[in-house]
Every structure is written in C-alpha cells, then in structure tokens.
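> If you scroll down you'll find the structure; I have some questions about it.
Since every read-out is calculated from the coordinates, none of them should be taken as a lab result. Keep in mind that what you see is a predicted model, and the values were worked out from it rather than measured. Every residue, glycine among them, receives a Cβ derived from its backbone with ideal geometry; neighbour counts consider all protein chains shown.
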Amino acid sequence: MTTLSDALDRADAGRAWHDGLNILLHDRDTTESALREAAAAAPAGGLLAATPVVLKDNIASALLPTTCGSRILAGYRSPFAATAVERLRAAGGVVVGVANMDEFAMGSSTEHSAYGPTRNPLDPTRVPGGSSGGSAAAVAAGIAPIALGSETGGSVRQPASFCGIVGVKPTYGRVSRFGLVAFASSLDNIGVFGATVRDAARGLQAIAGRDPNDATSAAVPVGEYVGAATERLDGLVVGVPREYFPESLDPALRARTDRALDVLRAAGATVREVSLPHTEYAIPVYYIIAPAECSSNLARFDGVRYGPRAEADGLRAMYEQTRQRGFGDEVTRRILLGTYVLSHGYYDAYYKKAQAVRQRITQDFTATFSDGVDVLFTPTTPGPAFALGAITDPYEMYLSDIYTVTANLAGIPGMSVPIGRVAGLPVGGQLLARHFDEATMFRVAYALEQAGLAGADT
C-alpha cells in the first residue's frame, strides 16, 4: 500500500514536478505543507484509510490552488472544497497533490496547459492523454493508487487507456459536481482513476451519492462497487456495437479486443453484436454542444472576480485584454465556436439540431439495453498514446474521442480497463452500461483484470 510519504518520494523519483514529467503542479514544499494539514484532519479508519489521492486542477480542494491549467486563474485558491473531495477525506483519503491538465479541460493530450505538457510515465516521448492526463499519469507513475479527474467527452477513459490504468466515468448525476469548475455543464462528470479495478471502485464508492449542493445529482441508491467482483459472468449479455469496430480499426487493437471478448465468453457471458446507428453523428454533435456551454460558463472569467487582471483603459478593454492574455489557443477556439453556434440566426441551425440528435444517440443506448444487453464492450481509443507534438490539427485531435463522447452525450456510465499492449504501449477496453448501473461495469472489469490481459502484447 502506498503511504503518504511514499507518494511524495515517488513523485520525486519519477520527476513528477515541472522539470520532469510535469505531472504535479505547485512545488514540493507547497504540496507537503498541504499534505500535513490534510493528514492531520483525516479520520483514522474508513474505506480509503490514509490512501493518497491526487486531484485534477479543476477540482477545488481549499488547501491548494485550483487554476484549471490556465493563466487566467493563476494563484486562485477556492474558499471551499468540492463535495467529492470532502467525501474522499471523510473516507480517510488524503490529497497529496494537484495534477496538470489541458486548460479548462479542453484537450485530449494534456499539451494545452499554461504550465506546459505532461509526459506519459510509460514513455516520456508520448502524451498521457487528456484532459485529465496529469491525474492518469500520477496513478501510472505510482504516486497515488487513486486520482480524481473530470470528463466531458472522454477525459478520464482516454488517458486511462493511454496510461494502462483503470478509469471510470460514472452516470451523469451519480457524483456531485459541486466544486468542479464547469466546462460544459450538461456533460461534465467527476471521474476516478485507479491503479486496479478495486482502487477505482473504492474511489467511486467514496464519492458517489446525492448532494443537496448540486441540483443535478441524483437521489438514486449507490451500488456496491468494491464487492462487485465475481468469478463467473453467467447470464450476462455483452453487446458489441458494430459502429465501434470499423474495417479501418487497427488490426493489433482488434486482436486485443477479440482476446478480451474471449475472456468474457469463458467466464460465462454471452456476446452479441448490436447496432448504435447514430454513433456517426456523435463527434459533430459533441463539438457543437460542448463549446456552446463552454462559451457561457467561461464568460465569468473576466478579470473582476478571479485571477490576475490586465491593466487597461476602460472596463471593456480590461475584459478583452484579460481574456486575450489569460486564455490559451484551444480555449479561445472553443469559446469562439460556442459563441457562433449560439448567435442569432445559428442557434436553430446548429445548437437546437444538435440537441435533437443527442436524444437519438441516447435512445440508441436505451433501446439496446432494453433488448437484454447488460453491458457494451468497445475499444476505448483508436490506438495507443501518440507522440508529443504529433497531432497539430484540432479536428484530428477531436477524433481521438470518437469512442468516448457518446457516453457523455447519453449520460451513461463508462469505464476503461487495460486489455493489453500494442507495439509495447497499453490500450484499453471500454465498458458502457445503463444509467446508474456502474456495479455491472465493475463486475465485468474485475473479470478482465483477473485474466491478466494488461501486460499482453501483440
């Protein structure tokens, strides 16, 4: 078990600070001071008793700055902690650091941060994924067995796949978003990374449940995640959506997914091909809805209430210069796109139509689960982690979320589990389940983990 002192020692050994892999923000002294304060307040027992936990930089801790990887929030410290953080602490968890991220969670590689890119600890020439790449890298580097990230379109599952760990996006409303800095409010989730399936289960078990501070959190009983492991999957139906297995799929990745499906069959599950016909519209729908909500949510960052302020002649000039200096290129791009699709004359043509197609995507999942399918299995990503700087075209970067955005649009839970390696790099298999049925995902994930697929190479 990783101790609190182990966490910082491993951070040092793994060069987790800015001069190395750039996983953790702030310096060791600042982090250590906050750690001592958190450790002193932690209960002696609990589900997470003295377990080190790393937070993504958009989840308020009150002890350390929350900057969202942005210059516009440099030095900002929230006066309160997120509900998820308070629940981690109540369960005995101790926050040992804040992880780097794509600015305001807008990115798929953790290259879009005011603090520089984070490197994948398994291969420092490659990205850890994003936008929660720092959190995933912290777990992969052994700094902590559990980390919190956020997901709007795949930002937990994709980096989990790239870093060879477990990543869970719960059902929308399962975990309180209070204290999570908003990107796209109808899509955002707080998710959990774990070194193992059990670690991820412990993390989600600790933070799940209704929160009166978040009107979107659901009063639905929380399942048993830690105890979901079983030796057999008899009676379980696994759906394989044909839209996620195109002819262009990397043959090596297909071989890994086929092996995973063989494991599930051997455990007693029935595997059935299914169709989710509106999947092809997911990327354009997501990149209309998410930027539109981003444009609205990020309007609050204007130099008045948060972060540094540009000195300028007049209020309007101050707003403009603060935002120009404070936001990076990717955030600016999405704000402009979102403002455009919400503008007069384009709202009906783009945003309203995208919301209608979003409902069709949701209905595809509902129909499939109603037809007797318990869980869906797909690749998490089109391939393993790509090289730092390899993707410069924004659209090509957006396509890295092609297998993950549907779960966010539909609000269903999703999970990535290591299923092997392609060319020496980890790849993940994705599990998708009906609303609030995270327990079934964990049950299947345990079976895949026990089969020892993670280290298998093609």
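> Taking Cα pairs under 8 Å and at least six residues apart, what relative contact order does the chain come out at, in percent?
Relative CO of the chain lands at 17 percent.
> Show which lysines lie in cross-link reach of Lys56 when reach means a straight Cα distance below 25 angstrom and same-chain residues fewer than eight apart are skipped.
Partners found: Lys169.
> Could you calculate the contour length gain from Arg28 to Ser186, that is, 0.36 nm times the residue separation minus the distance between their Cα atoms, to one decimal place in nm?
Details: separation 158, 0.36 × 158 = 56.88 nm, distance 3.55 nm.
Extra length available between Arg28 and Ser186 comes to 53.3 nm.
> Considering the alpha-carbon set of the chain alone, what are its Rg and its Dmax in angstrom?
Values for the chain (Cα only, Rg and Dmax): 20.6, 70 Å.
> Let's see if you can work this out: charge +1 on each Lys and Arg Cβ, -1 on each Asp and Glu Cβ, no other charges. What is the dipole magnitude of the chain about its Cα centre, in debye to the nearest 20?
540 debye
> Still on this structure: Report the per residue volume, in Å³, of the convex hull enclosing the C-alpha atoms of the range 115-164.
72 Å³
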